[in-house]
1. Once label points are set 7 Å from the Cα along Cα→Cβ at both Val3 and Lys101, what is their separation, rounded to one decimal in nm?
2. For a Förster distance of 35 Å, can you work out the FRET efficiency between the beta-carbons of Lys16 and Lys145, rounded to the nearest 0.05?
3. Might you work out the accessible area of Met82 for me, using a 1.4 Å probe with all protein chains in place, and round it to the nearest 10 Å²?
4. Work out the FRET efficiency for Glu90 and Thr58 from their Cβ-Cβ distance, taking R0 = 22 Å, and round it to the nearest 0.05.
5. What dipole magnitude, in Debye to the nearest 20, does the range 1-113 give about its Cα centre under +1 on Lys/Arg Cβ and -1 on Asp/Glu Cβ?
6. Report in % the part of the accessible area of the range 83-183 that belongs to carbon and sulfur, leaving out ligands and nucleic acids; probe 1.4 Å.
7. Taking Cα pairs under 8 Å and at least six residues apart, what relative contact order does the chain come out at, in percent?
8. Any idea which of Pro152, Phe168, Leu38 is furthest toward the positive side of the dipole for the chain, if Lys and Arg beta-carbons carry +1 and Asp and Glu beta-carbons -1?
Amino acid sequence: MTVTDVQAVEKIREAKDGIYSEVGKVIFGQRKIIEQLLISLIAGGHCLIVGVPGLAKTTLVNTLAKTLDLSFGRIQFTPDLMPSDIVGTEILEENLDTGRKDFRFIKGPIFTNILLVDEMNRAPSRTQSALLEAMEESQISIEGKTFKLPEPFFVIATQNPRDQVGVFDLPESQIDRFSLCIN
């Protein structure tokens with residue numbers, strides 16, 4: 001290793017320690033989970049966290065986004081959530097000056113750097129599948145138009161244990177999009 005390589009490794013170590021320190025001011029005793037989230041983010045993957053509600057997962061993800069100076073969004077998955085509630089929708093608007101009507105795309109909460117998908121398995125598979133293209137290609141398609149998502153685009157989804165009431169199984173195609181599953 002050259003001196004430059006050693007310096008680069010030291011800078012990475014200092015950055016990692018700084019992140020642990022900042023997140024540690026809010027979240028206590030979760031160093032391993034923070035490490036796994038950082039590994040997945042750096043590798044360009046996504047994370048699935050399995051656990052019961054009330055373990056400060058939202059606080060952890062929001063704190064991580066703030067520490068990294070990245071935009072943060074959260075979607076609470078519910079049985080009545082629609083795909084358009086995630087990706088956005090087109091609305092018909094009238095131009096008051098010309099009287100002409102045009103469609104305008106209103107971006108959904110998916111247009112963020114770090115997206116927390118809370119209780120992913122509380123929504124039906126049709127809604128869950130709205131994330132497939134976004135997680136695989138960092139883009140969404142609506143009405144034949146493609147919209148790029150911000151870089152980096154990192155999904156952290158939480159999943160309630162299967163034995164809880166009102167949860168749906170995640171399809172294999174959805175589970176396949178996650179590089180890490182954290183219990």
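1. 7.1
2. FRET efficiency, Lys16 to Lys145: 0.35.
3. The value for Met82 is about 90 Å².
4. 0.15
5. 380
6. Exposed carbon and sulfur together represent 47 percent of the surface.
7. 28
8. Of the options given, the answer is Leu38.
The values are calculated or read from the model by the stated rules, or taken from the named source; none is laboratory data. Since we're looking at a predicted model, the values are computed, not measured. Cβ coordinates were reconstructed from backbone atoms using ideal geometry, including for glycine residues, and neighbour counts include every protein chain displayed. The area values use the complete protein model at the heavy-atom level, side chains included, leaving out ligands, DNA and RNA. Shrake-Rupley method; radii C 1.70, N 1.55, O 1.52, S 1.80 Å.
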